[in-house]
Amino acid sequence: MIFLSSISSVVVFLQISNMRIPSFLQKPVAFYRDGFRAMTVGKTLWLLVLIKLFIIFAVLRVFFFPNYLTKNFKDDQDRANHVRQELINRKGPGNRQ
């Protein structure tokens with residue numbers, strides 16, 4: 001629904017400003033606009049997908065992925081040095097010695 005509203009606002013802007021939509025964009029825009037308008041079950045499913053993405057990225061991040069660098073280092077210089085050292089010194093699968 002957010003995608004549809006952004007496409008609609010672009011189309012309305014182009015129509016108001018007397019600009020034509022480029023011909024290569026007219027068919028895809030019409031395809032998605034008409035498709036989203038005709039959806040019944042799909043709108044509900046997209047809403048569920050967006051809610052799940054919000055839960056995954058906003059809620060779970062707070063509880064399960066603490067900010068390691070902020071907790072363990074006092075300023076940006078110390079954080080940058082730690083990241084630099086980890087990138088240089090970390091032993092990966094291809095760096096066995």
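The values are calculated or read from the model by the stated rules, or taken from the named source; none is laboratory data. Every value quoted in this text rests on a predicted model; they were computed, and no experiment measured them. Cβ atoms come from the backbone with ideal geometry, glycine included; neighbour counts cover every protein chain shown.
Descriptive notes on the structure:
- Qualifying residue in region 56-66 (condition: modelled with pLDDT of 90 or more, among the basic types (Lys, Arg) and part of a helix (DSSP H, G or I)): no
- ARG90 at pLDDT below 85 and either surrounded by 10 or more Cβ atoms within 10 Å (Cβ to Cβ) or charged (D, E, K, R) (or both): yes
- For GLN77, the requirement of being modelled with pLDDT of 90 or more and either surrounded by 10 or more Cβ atoms within 10 Å (Cβ to Cβ) or not β-branched (Val, Ile, Thr) (or both) is met.
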